[in-house]
Every structure is written in structure tokens, then in C-alpha cells.
Amino acid sequence: MTKNKIIVLDDDPTGSQAVHGCLLLTRWDTETLRAGLADSAPLFFILTNTRAMSPERAAAVMREVCCNLQQALLGSGITPVLVSRSDSTLRGHYPVETDVMAELLGPFDAHFLVPAFFEGGRTTRNGTHYLQVNGVDTPVHETEFARDSLFGYHHSYLPDYVEEKTQGRIVAADVVHLTLDAIKEGVLPRLLALANNQCCVVDAQGYDDLNRFTAAVRAAASEGKRFLFRSAASLVKALADLPVQPVVAEAMGQFNRGGRAGAVLVGSHVEKSSRQLARLLQEPGVTGIEIDVSRLPGAHDELLHTALAQVETAFAADSTAVIYTRRGEVVFPDARQRLAFGESISALLMALVRGLPRALGFLISKGGITSNDVLSEGLALSAARLLGQVEAGVSVVRCPDDHPRFPLLPVVIFPGNVGDDEALARVCQRFS
């Protein structure tokens, strides 16, 4: 008997921010993928970290993942529901990733763009994608994210965004638009009529919309239709039909190992992260440690040794070390140099993680790419079990009990552009 399993190829680890109880895999060899397929949870995530890569390297990684996944699925009796999870502010390698998935894991009757992420104030209506800024729904092309030096774009109206990103291969007029009214009335007949990997965009203002849409998707799948999804985190929750299971604030103390001070690592440089960082640094019981990344890569060793000494001093004083990169985005003449600079920052931050005190009480990682590197490189985890959320859109995992340096260490995955200005301080207080 076949069974469904939702398999999410996530370009950083924040796509799990609306679900719980599943595995996050940082490796994608066939054996590890088979472990994900055999797990009792209805879904698992493969953390590819492709958002930190060039388009060419991202495509190569996706090919490797998809080829290994093909092998892992053989004889499993599993029908995969495949999701390419990416950023709810439209930054990422689209259509590079979905093209590779369609080539190696298809054919598909359609692929759907569903960037809504309600926990973070991202909604889509009339085909236009919005981000809530200071309580006001703002078209995403008017926000800082549209000016990203790697993933910038000019359109919030999703059919136009598709045409822009596919360089006209898919024209806006050919994109199927599933409106809020259509979803409410029922879209199953339209889904059954889709063929040849038709591009579709989906409006959604709340989980009622996504629940209706995913119910129609399941019905169409039972009729033999095969779909691919390019989405943010909220669709994953709707597809899995999981109830909310936050990790309650009262449980934070028991997750803290021994009631000790922790560490907060802030790699994200978006405006919201910087405001949250500034608020956290006002808290008692924390020690700010700024890393002057402009000195990289040449001063790597000096910066590392200085920062680790400051962390040890803070920990000895029972103070949580808040390690952060100098604020603001450094401008580079081309994407290659920016990516190389990012890799040098990651190398330094992960060396810091590996050198943190063994008795550390907790670790908070701020930023998607930073969090991916913390799990896969800093902590060298091949897999981690997602416990749940400590805030809307903010997840916590825990190191296994046999980890060589940090057994049972709670690790918070805190996306860069999620939460109010108090959120980072609030989470730190709960663990402390």
C-alpha cells in the first residue's frame, strides 16, 4: 500500500517554523534520506542551504539531492508530496530549484507559488504579495527585500514576478491565478484540468484559504494529478494538516541545560534583526560581542581568539554572550565576491560555535543561513528533531543525547525577519 510523505527541500532551515515533531536533515546521502522516509512523522525537511549559493552551485546541489531522493524512494511504497520551500519575501533561486525538481522528480501537472506566511505577516491577495510593515500591508517590491543584491526583483504581482524571474520563458498572461473567491468556491475542477507543469499562483490571507486549497490538492492527487509547490512555511503546515503545538514558555527553563548562561549568534543583518538585537543588548545579564567582519578573511584567527576569550569571560560571570556581526550589508561589485565574503563570515561564526563552552545552557541562532550553518557545520548534526515553536515562526530543536560536545543542548532557529522588536529579548529571557 502506498502512503504519502511530504518532503520539503528547504533553502535554509526556517521553513519548519510552522510545524513540529519532524526531522530536519542536514545531509542528503541515500541512507539519511531513507531514515527520513521511514520516520513516523508525515513530513521531513532536507536543508539544502541553497539560498547561500550561486545559481550554478544551487542547481548542482539540487541535482544531487533529487538523484539521491530518487534512489531512496525506490521500493519504499511512498508517494512523495514535493515542496521547494523558500523565503516568504520572494528571495531565492526560482525557477532554478523548481526546474531541477521538475526534470528529475517529475513530470508534474503544475507547480504552485504560495509565498504566504501568516505567522510573519505575509499574505497574498489579488495576485499581489504583501508584507506587513508597521501594521500596514506593503507590496513586497517596495520593501528592503526586493533590493537584495542577489535576489532582487521589481514586481509584487506574482504573475509578473514569474515572468521576470523566468526571463520571459513563462509570460504573466499564461500564469493561472487562484483567487480568494475561487478557492472559497472550490478549485478542484481547475486543478484537474492542469497539465504540462502549468505555473499557478495562489492567493491566501489565512489558514482557512490554504486548508481549502490543500483539500482540493489532495482530492486532485487521488485522481492521479502530480503537483510541485514553491512555498513559504504556512503551506507546509496546511499540507501536513498539523495542529498548533508551541513549546510553552514554562518549558523553556527545563530545556536550559543546568540553568546556565547561553549564547546568541546574530548573523542576519536585515533591519528587523538589527532592531531586535539593539533591544536584547539593553537586557541585564547579557554581554554584547561585536565581530568586525570587514577584517575578514585576513584577520580570521585574531577575531576568533578574541571573541572566544570574551565568551569565556561572559560565561564565567553567568552572562549570556550575544555575538553579532557589524550591522549593515557590505556592498560588493558582483555576486561572486558577496558569496565568498559570506562564506568567510560563516567560517568564523561556525568556528565560534565549535568553541563555545561545553556547559552552555542554550543557543539561539538568528538568521536563516546562519542557523543552517549552526546545525550542519557548527554542531555537525546530520539530523535534528523539531520540538516546536517558542514564538510564532521561531522553532527549537535539541542536540541528541550522544552529541560529543553539547548533548541535549536546546537550539533556537530564529529567522532574520520574524517577530516584533521585543521578540529576541523575550526568547532569550524564557531560556534564561
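The values are calculated or read from the model by the stated rules, or taken from the named source; none is laboratory data. No experiment lies behind these values; they were computed from the predicted model shown. Here the Cβ is made from the backbone with ideal geometry for all residues, glycine too, and neighbour counts use every protein chain on show. SASA here: full protein model, heavy atoms, side chains in, ligands and nucleic acids out. Shrake-Rupley method; radii C 1.70, N 1.55, O 1.52, S 1.80 Å.
When the residues of segment 124-144 are narrowed to those that are open to solvent by less than 20 Å² (accessible area, probe 1.4 Å) and touching a Phe, Trp or Tyr at 6+ places or on another chain (Cβ under 8 Å), which ends up nearest to PHE213 (Cα to Cα)?
THR124
Taking ALA251 and the conditions (1) in contact with a strand residue (DSSP E or B) (Cβ under 8 Å, 6 or more places away or on another chain); (2) more than 16 Å from ILE345 (Cβ to Cβ); (3) open to solvent by less than 20 Å² (accessible area, probe 1.4 Å); (4) modelled with pLDDT under 85, which numbered condition does it fall short on, given that it satisfies the others?
The single condition ALA251 does not satisfy is (1).
Can you name every one of the strands (runs of 3 or more DSSP E) wholly within segment 338-432 that holds 2 or more residues which are closer than 29 Å to GLN282 by Cβ and open to solvent by 10 Å² or more (accessible area, probe 1.4 Å)?
Fully inside segment 338-432 and qualifying: 383-391.
Given the conditions (1) more than 27 Å from ALA220 (Cα to Cα); (2) open to solvent by 50 Å² or more (accessible area, probe 1.4 Å); (3) assigned to a loop (DSSP other than H, G, I, E, B), and given that ARG169 satisfies all but one, which numbered condition is not satisfied?
Of (1) more than 27 Å from ALA220 (Cα to Cα); (2) open to solvent by 50 Å² or more (accessible area, probe 1.4 Å); (3) assigned to a loop (DSSP other than H, G, I, E, B), only one is false for ARG169: (1).
Which pairs have Cβ atoms under 7 Å, sit 6 or more apart or on different chains, and link a residue in segment 181-201 that is closer than 15 Å to ALA220 by Cβ to one that is part of a strand (DSSP E or B) and β-branched (Val, Ile, Thr)?
These pairs meet every condition: GLN198/VAL176; CYS200/VAL176.
Could you count how many residues in segment 330-385 are of a type in the set (D, E, K, R) and touching a Pro at 6+ places or on another chain (Cβ under 7 Å)?
0
With the condition kept exactly as written, say whether any residue in segment 178-188 is closer than 18 Å to HIS93 by Cα and either assigned to a strand (DSSP E or B) or in contact with a His (Cβ under 8 Å, 6 or more places away or on another chain) (or both).
No, that holds for no residue.
Quick one: how many residues across segment 217-236 are over 24 Å from the mean Cα position of the chain (by Cα) and in contact (Cβ under 8 Å) with a residue 12 or more places away in the chain?
The qualifying residues number 6.
Could you identify the single residue in LEU158, LEU194 that is over 23 Å from PHE118 (Cβ atoms) and surrounded by 15 or more Cβ atoms within 10 Å (Cβ to Cβ)?
Going through LEU158, LEU194 in turn, the sole match is LEU194.
Please tell me if LEU47 is open to solvent by less than 10 Å² (accessible area, probe 1.4 Å) and over 23 Å from ARG226 (Cβ atoms).
For LEU47, the condition - open to solvent by less than 10 Å² (accessible area, probe 1.4 Å) and over 23 Å from ARG226 (Cβ atoms) - is met.
Looking at ALA380, ALA351, ALA359, ALA335 in this structure, which one is touching a Leu at 6+ places or on another chain (Cβ under 6 Å), over 30 Å from PHE118 (Cβ atoms) and at pLDDT 90 or above?
The match here is ALA351.
What are the residues in segment 289-318 that are surrounded by fewer than 18 Cβ atoms within 10 Å (Cβ to Cβ), among the small types (Gly, Ala, Ser), touching a residue at least 24 places away in the same chain (Cβ under 8 Å) and within 22 Å of ARG260 (Cα to Cα), if any?
Passing the criteria: only ALA317.
Have a look at ALA58, ALA18 and point out the one that is at pLDDT below 95, of a type in the set (A, V, I, L, M) and within 24 Å of VAL114 (Cβ to Cβ).
The unique qualifying residue is ALA18.
Can you name every residue in segment 54-81 that is without any contact (Cβ under 8 Å) to a residue 24 or more places away in the chain and surrounded by 15 or more Cβ atoms within 10 Å (Cβ to Cβ)?
VAL61, the sole residue that qualifies.
Applying the selection to segment 21-32, what residues are within 19 Å of the chain's Cα centre (by Cα), open to solvent by less than 30 Å² (accessible area, probe 1.4 Å) and over 30 Å from ARG336 (Cα atoms)?
Scanning segment 21-32 gives CYS22, LEU23.
If you go through segment 89-113 one residue at a time, how many are closer than 19 Å to PRO13 by Cβ and assigned to a strand (DSSP E or B)?
0
For ASP241, all conditions in the list (1) open to solvent by 20 Å² or more (accessible area, probe 1.4 Å); (2) modelled with pLDDT of 95 or more hold save one; what is the number of the exception?
(2)
Condition test on LEU37, is it touching a residue at least 24 places away in the same chain (Cβ under 8 Å), farther than 30 Å from ALA335 by Cα, open to solvent by less than 20 Å² (accessible area, probe 1.4 Å) and more than 18 Å from the chain's Cα centre (by Cα)?
So LEU37 passes the test.
Within segment 201-235, count every residue that is open to solvent by 20 Å² or more (accessible area, probe 1.4 Å) and of a type in the set (Phe, Trp, Tyr).
The number of residues fulfilling the criteria is 1.
Within segment 272-319, track down each residue that is small (Gly, Ala, Ser) and out of contact with any strand residue (DSSP E or B) (no Cβ under 9 Å at 6 or more places or on another chain).
Residues satisfying the conditions are ALA278, SER294, GLY298, ALA299, ALA309, ALA316.
Every residue in segment 82-97 that is closer than 27 Å to LEU192 by Cβ and either without any contact (Cβ under 8 Å) to a residue 12 or more places away in the chain or open to solvent by 10 Å² or more (accessible area, probe 1.4 Å) (or both), please.
TYR94, PRO95
Return yes or no: is LEU131 part of a loop (DSSP other than H, G, I, E, B) and of a type in the set (A, V, I, L, M)?
It is false that LEU131 is part of a loop (DSSP other than H, G, I, E, B) and of a type in the set (A, V, I, L, M).
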